[in-house]
1. Could you order 339, 415 so the one with the most accessible surface comes first? Probe is 1.4 Å.
2. Taking Cα pairs under 8 Å and at least six residues apart, what relative contact order does the chain come out at, in percent?
3. I'd like to know which of 802, 777, 228 lies farthest towards the positive end of the charge dipole of the chain, counting +1 on Cβ of Lys and Arg and -1 on Cβ of Asp and Glu.
4. I want the local charge near residue 249. Using Cβ-Cβ distances under 11 Å, sum +1 for each Lys or Arg and -1 for each Asp or Glu among the other residues.
5. Highest mean first, how do 517-528, 267-278 rank when packing is the count of other Cβ atoms within 10 Å averaged over residues?
6. Could you please put 626, 72 in sequence from largest to smallest accessible area, using a 1.4 Å probe?
7. Counting Lys and Arg as +1 and Asp and Glu as -1, what is the net charge of the other residues whose Cβ lies under 10 Å from the Cβ of residue 539?
8. Around residue 745, what is the net charge, scoring Lys/Arg as +1 and Asp/Glu as -1 over all other residues with Cβ under 10 Å from its Cβ?
Amino acid sequence: MTVLENAVLGGRPAGLTTLAFDETDTRARVVVVGNGMAGARFVEEVLDRDGGEHFALTVFGDEPHGNYNRIMLSPVLAGEADEADIVLNSHDWYAERDVDLRAGVRVERIDTAAKVVHAADGTATPYDHLVLATGSHSFIPPMTGVRTADGSLLDGVVGFRTIDETRQMLAASRTHRKAVVMGGGLLGLEAARALQAQGMEVELVHAMGWLMNAQLDVEAGGVVRRSVEELGITVHTGAMATEVLSARVQGTDRVAGVLLKDGRRLDCDLLVVAAGVRPHTDVAVRSGIEVERAVLVDDHLATDVPDVYAIGECAQHRGTVYGLVAPAWEHATVLADRLTGTDPDAAYTGSRTATKLKVAGVDVAVMGVSTPERDSDEFLVISEPKRGVYLSVVVRDDLLIGATLVGDTRKVAFLTQAFDRGTPLPPERIRLLVDLSDGDAEVGVAEMPADSQVCNCNGVSKGAICGAVAEGCTSLPKVMDATRAGKGCGSCKGLVQKIIEWAADGELTVEESASWYVPGVPMPKSELIAAIRSEDLRSVSAVFERLAPGGADDAKSKMGLVSLLRMVWGSEYVDEPDAKFVNDRVHANIQRDGTFSVVPQMKGGVTTPAQLRKIADVAEKYEVPMVKVTGGQRIDLLGVRKEDLPKMWADLGMPSGYAYGKSMRTVKTCVGSDFCRFGLDDSTQLGIDLETRFQGVESPAKIKMAVVGCPRNCAEAYVKDVGVVAVGAGRWEVYVGGAAGASVRKGDLLATVTSTEEVMTLVGRFLQLYRENGNWLERTYDFVPRWGLDRVKETLLEDAEGICADLDAGIQRSIDAYTDPWAQDLATPSSPGQFRTSLPLTVLPQVPVR
């Protein structure tokens with residue numbers, strides 16, 4: 001046995017341990033324990049300094065995955081992002097850079113005398129430099145019943161720290177109905193909002209007196225609570241959970257509720273524990289490395305053991321343990337500078353943390369202290385609870401030492417500059433929070449100093465972004481790749497884009513992906529349609545298999561592809577339920593509390609006493625909380641449970657009004673010439689005919705129409721996607737591209753025609769032109785200006801492109817394929833769980849308290 005082997009094996013028989021290094025590699029060995037955001041960032045920083053030439057890098061990670069962005073787990077849980085969207089470094093990334101990634105391999109201990117890392121898989125890896133980046137783990141309070149006899153968590157109890165825990169919650173949300181989230185900090189609020197978005201009823205339990213108490217004062221926490229409760233989430237503050245209740249379900253003990261210290265019981269079948277985190281220090285403790293709350297480090301990130309360092313959430317520096325990603329990445333930068341020799345004098349002296357994020361839908365920015373600490377500190381507060389706004393600043397000796405913005409973060413850029421740089425403050429302190437004149441407007445990018453920090457997560461300055469632009473990165477994706485700006489929480493992307501536009505002086509690069517119809521298939525819409533037809537692709541899975549890179553699915557692309565395939569194939573489209581959003585799966589519009597909105601069809605806004613009686617009877621039978629007349633001249637039944645939807649449709653006996661889909665929704669009408677003394681023609685009947693012909697036709701975005709019997713415009717035809725106006729003598733004006741929502745735009749006059757038949761034909765051609773050429777989610781009020789009104793007219797009125805016959809055939813194919821989805825799914829549900837219970841039953845089974 002060689003001297004080196006003896007040191008590695010500690011004198012034990014060789015069969016017990018496997019040597020895990022290449023003796024022929026003469027590079028210094030750097031071992032990183034932890035493949036989270038700190039450890040992986042350190043590896044990136046070393047490689048960026050050409051460290052791969054001098055160091056053999058080995059990375060151990062507890063999880064079997066590559067490196068991913070933990071900040072973005074909440075959007076994944078909410079269904080707003082896919083797992084693939086949050087991957088930072090895949091397994092291939094490590095392999096391509098000659099980094100030995102030991103994914104899914106836990107480190108047991110470090111022999112600091114022999115400088116060897118011992119792992120749970122029996123391997124021993126020598127090191128010259130060792131970096132602890134073990135991060136944190138979810139803190140599970142010591143509650144009765146939370147763990148089973150073997151020490152594992154009770155089934156249905158989960159933390160919120162890893163992608164695997166996120167997967168557990170997603171799986172539970174599909175089969176269970178009520179969640180309790182413990183913890184009212186950032187993670188708890190995000191988990192509660194995300195689970196609610198998945199259709200669960202959620203109650204939030206927080207031990208402290210107000211939400212986000214670690215970041216906000218009591219008043220700001222109260223504003224956040226009000227905003228959260230308005231979302232339909234029940235909040236319990238000052239509430240301590242003491243016991244986790246269980247019930248036997250299919251032979252397994254599973255969570256059934258929690259018991260609070262005051263005796264209240266909250267029933268649930270999913271318990272998410274987001275009650276804070278604790279640094280992972282077990283490896284350091286077992287290895288004899290000094291630990292207090294975390295691993296103690298000096299300004300060089302060095303521990304008390306030679307050649308052993310600690311960075312990220314497992315490190316304690318000058319008494320502080322940081323729970324944010326920005327300090328972790330500052331650690332990585334300093335340590336990489338020192339080890340590679342790029343800056344041997346680099347030192348970490350602490351972080352001034354400024355955070356801007358969205359918590360449960362509420363914009364929040366926090367920096368420094370939240371309340372005065374000295375009698376001489378100035379403290380200015382603006383509180384508007386009804387608007388969900390709380391703003392405060394703390395000033396000491398004419399310097400900003402803290403700011404809190406809740407619900408209105410327009411001043412965050414200026415305040416961040418003042419906080420980071422100590423820039424002079426206005427004598428009237430109120431100008432720190434509100435604009436009293438044009439001169440108070442938010443700092444423009446041209447006036448921002450070059451060293452102003454733009455991306456707090458990654459510590460990227462305006463100067464770094466401008467430098468990337470000068471080197472040829474003239475698009476947001478390229479600048480993000482070059483600087484990492486926007487790759488943390490993503491809240492700074494808008495400001496990054498503005499800086500790019502300013503620095504490039506208009507010479508921006510248009511990314512090829514900007515022309516793709518959906519992000520997962522690299523083709524413009526016209527090419528995609530041609531490929532679908534030529535290769536006879538009739539399902540979303542077939543499109544991914546043949547046209548997506550590597551045949552990979554892309555969740556963000558599915559809805560757009562469903563719409564496109566239905567347009568291309570009509571009744572020959574192959575339906576796949578997992579390609580649909582929940583609204584399209586259950587043919588109703590999900591609400592913020594997980595219930596649904598049901599809108600029966602009322603063509604042209606016309607109904608009968610019999611229909612109204614039926615709607616009233618159904619509303620009473622199913623205890624509908626609200627019955628509302630909509631702006632589209634229909635009746636909306638709000639607050640319907642998912643499991644009640646099929647029975648309600650059957651009782652109504654009316655077709656779907658398509659109030660949930662990207663399709664033709666409704667045709668609004670006035671009473672026309674039959675009753676109105678100003679009416680010039682029968683607008684009501686034309687509206688009914690239009691809705692009958694184009695009902696349910698899929699489109700890139702929703703379509704709303706209106707028909708009016710005179711130019712007085714009582715049904716608002718001038719501001720609809722398609723508006724038809726009677727002008728007398730049998731003539732009708734057809735307008736397109738109008739809007740009356742967040743954007744207001746009067747429609748463009750497409751043509752004046754002399755018969756209702758011409759109206760029907762022209763409207764059909766316009767719809768099909770838009771369906772074939774509109775971008776996904778592009779409304780007609782953007783499509784018409786983009787295409788150009790003159791070109792639209794030439795195409796539809798003069799057949800300048802020779803496609804009118806094809807447009808007529810295309811729209812007719814979709815019309816022929818129409819079936820009422822309510823009636824169809826009553827006859828043949830698309831899946832057994834299509835309408836499973838998603839909200840709690842009126843009476844829950846009582847489980848004895850153990």
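The values are calculated or read from the model by the stated rules, or taken from the named source; none is laboratory data. Being a predicted model, the structure only gives us computed values, none of them experimental. A quick note on method: Cβ atoms are made from the backbone with ideal geometry, for glycine too, and the neighbour counts reach across all protein chains shown. Ligands, DNA and RNA are excluded from the accessible area calculation, which covers all protein heavy atoms including side chains. Shrake-Rupley method; radii C 1.70, N 1.55, O 1.52, S 1.80 Å.
1. Details: 339 30, 415 0 Å².
Solvent-accessible surface, decreasing: 339, 415.
2. That works out to 8 percent.
3. 228
4. Result for the local shell: -1.
5. On the way: 517-528: 18.4, 267-278: 23.0.
Packing proxy ranking, top to bottom: 267-278, 517-528.
6. Numbers: 626 100, 72 50 Å².
The residues order as 626, 72, largest area first.
7. -2
8. Summing Lys and Arg as +1 and Asp and Glu as -1 gives 0.
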